[in-house]
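The values are calculated or read from the model by the stated rules, or taken from the named source; none is laboratory data. All figures in this text were calculated on a predicted structure; none of them were measured in a lab. Positions of Cβ are generated from backbone atoms using ideal geometry, with glycine treated the same way; all protein chains shown enter the neighbour counts.
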Amino acid sequence: MHIHSAAPNYFDAPAWERGYTARKTRKPFYTLLMVPAFSLALLLFGLTAASPAAEVSPEDAIAIRTVIAEQLEAFARDDARRAFSLATIGIRERFGTPEVFMDMVRTGYPVVYRPKSVQFEKPAVVDGEVIQPVRMTDVEGEAWIAFYPMQRQPDGVWRINGCQLARLQGQRL
C-alpha cells in the first residue's frame, strides 16, 4: 500500500470536475452515523466550502492522518482489535465487537480494507466537523475518495467516526 500525504487542495475544484458518484453500500446504517447526510451531499457536490475561520492545525492534520493510516495498516494485518480501537465510542457501540466491525469493512468497504494506494488530501471543517478526504485506489485500479469524519476525544486524541466513499468516475490507475 502506497501512502501519500501531500496533495493539491481538492476542494478548490467543483465536484463535477472531480467526477463524484455516490457508492451504494450493503451497510447503509454505518454511513448514517458518520456524516449528516445533508452535510455530505453539500460536500460532495461543492455547495459548501470549508470554513476559512475554522482550519485544522498542522499538528491536528498530522495526528488525524496518523490515526487513519494506523487503521488502514491494522486492516492490512487483519488486526481487528487495533482497527476497532481507532474508531469512536459510538462506532464501537454500534458494532459491538472488533470481529463484527472487521467483517463490515471487509464486505462493505473493500477499497478501505485493502487499498492499492492511499493519498491524503487537506482536511476541512464542514459544518463544524473535521473531515479528512483520502484518495484510494482499489486492487482493480478504480479511484475512490473516502471522507473520514473525525472526532477529538476528551483525552485529546483523534478517532475515526466513520467513512463515506465516492467513486471517482473515469479515473483508473
Subset of the range 123-170 that is among the β-branched types (Val, Ile, Thr) and surrounded by fewer than 20 Cβ atoms within 10 Å (Cβ to Cβ) - its residue that is modelled with the lowest pLDDT: Val139
Any hit, the range 55-77, residues being in contact with a Ser or Thr (Cβ under 8 Å, 6 or more places away or on another chain), surrounded by 18 or more Cβ atoms within 10 Å (Cβ to Cβ) and either farther than 15 Å from Gln164 by Cβ or at pLDDT 50 or above (or both): yes
Contacts under 6 angstrom Cβ, first residue in the range 81-94 being polar (S, T, N, Q), partner in a helix (DSSP H, G or I), 6 or more apart: none
Which numbered condition Leu33 misses (of (1) within 28 Å of Arg114 (Cβ to Cβ); (2) at pLDDT 50 or above): (2)
Filter result (more than 13 Å from Gly162 (Cβ to Cβ), buried (at least 17 other Cβ atoms within 10 Å of the Cβ) and of a type in the set (A, V, I, L, M, F, W, C)) within the range 85-117: Met102, Val111
